[in-house]
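In what follows, a structure is listed as structure tokens, so that the remarks can point back to it.
Read-outs: derived from the displayed coordinates by stated rules, not from any lab. None of these values were measured; they are calculated from a predicted model. Cβ sites come from the backbone with ideal geometry, for glycine too, and all protein chains shown count toward neighbours.
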Amino acid sequence: MDSERLGFLLHDGARLMRRDFEQRARDLGLTRAQWSVLAHLSRCEGINQAGLAEILDVAPITLGRTLDRMQKAGWVERRAVDGDKRARSLHLTAKARPALKRVFALGLQSRKRAMTGLSESEQSKLIEMLVRVRTNLSNGNGRSHGARP
């Protein structure tokens, strides 16, 4: 039965897409974790560390170390939140914006490669079905964690 292979196919497809992207992006000087931070932060700029950690599905302390390195390298900045001395919001820097455009362009190339041989209708249907699978697995609350469909 094909449904028995679903988990393997999803995992393997995602792994191969990441590998394709990483090969394209190796000259950017960012780790996979770092470009993932930039991509998600671009969609929800101003979020706090705990919120971004939830989206990325990593421990806040792990994200904190990544953000420390990225802040030191000039990719992100932490800004004080009015009315809360301890709270910090996360923002992209001017340095990050051109790199982010390149990350998205490379991601588009990887997605195009992955979709080679599928008609536009098939591509739309595949995306629609994967969104439904993700929704089914997100505790029934339809949360997408800010990811693009």
*Calculate one ³J(HN,Hα) per residue across the range 41-50 by plugging θ = phi - 60° into the Karplus curve 6.51 cos²θ - 1.76 cosθ + 1.60, and present them in order as whole Hz with x for glycine and proline.*
5, 5, 8, 9, 4, x, 5, 8, 4, 5
*Could you give the size of the charge dipole of the chain about its Cα centre, using +1 on the Cβ of each K and R and -1 on the Cβ of each D and E, expressed in debye and rounded to the nearest 20?*
560
*If you look at just the Cα atoms of the range 77-143, how large are its Rg and its Dmax in Å?*
18.7, 54
*Using a cut-off of 19 Å between alpha-carbon atoms, which lysines can reach residue 125, once sequence neighbours fewer than 8 places away in the same chain are excluded?*
112
*asked:* Which lysines, if any, have their Cα less than 29 Å from the Cα of residue 85, not counting same-chain residues under 8 positions apart?
replied: 72, 95
*Under Karplus coefficients 6.51, -1.76 and 1.60, residue-wise ³J(HN,Hα) of the range 54-66 in Hz, glycine/proline x*: 5, 4, 7, 6, 10, 5, x, 5, 5, 4, x, 5, 4
*Kirkwood-based Rg to Rh ratio, the range 1-66, C-alpha trace*: 1.08
*Find the Rg to Rh ratio for the chain, where Rh is the Kirkwood radius over alpha-carbon pairs and Rg uses the same atoms.*
1.00
_Only counting other Cβ atoms within 10 Å, I'd like 61, 47 sorted with the fewest neighbours first._
61, 47
*asked:* Can you show me the helix-derived [θ] at 222 nm for the chain, built from DSSP H runs with n ≥ 4 at -39,500 (n - 2.57) apiece and divided by the number of residues, rounded to the nearest 500.
replied: -20000 deg cm²/dmol
*Take 28, 63 and order them by how many other Cβ atoms sit within 10 Å, fewest up front.*
28, 63
*asked:* Could you work out the relative contact order of the range 48-129? I mean the mean sequence separation of Cα pairs under 8 Å and 6+ apart, divided by the number of residues, in percent.
replied: 20
_For Cα pairs less than 8 Å apart in space and 6+ apart in sequence, what is the mean separation divided by the residue count of the chain, i.e. the relative contact order in percent?_
23
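Stretch residue 2-residue 112 to full length: gain in nm at 0.36 nm per residue minus the Cα-Cα span?
37.1 nm
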*Quick one: Karplus J couplings for the range 114-122, per residue in order, coefficients 6.51, -1.76, 1.60, θ = phi - 60°, nearest Hz, x for Gly and Pro?*
5, 8, 4, x, 9, 5, 4, 5, 5
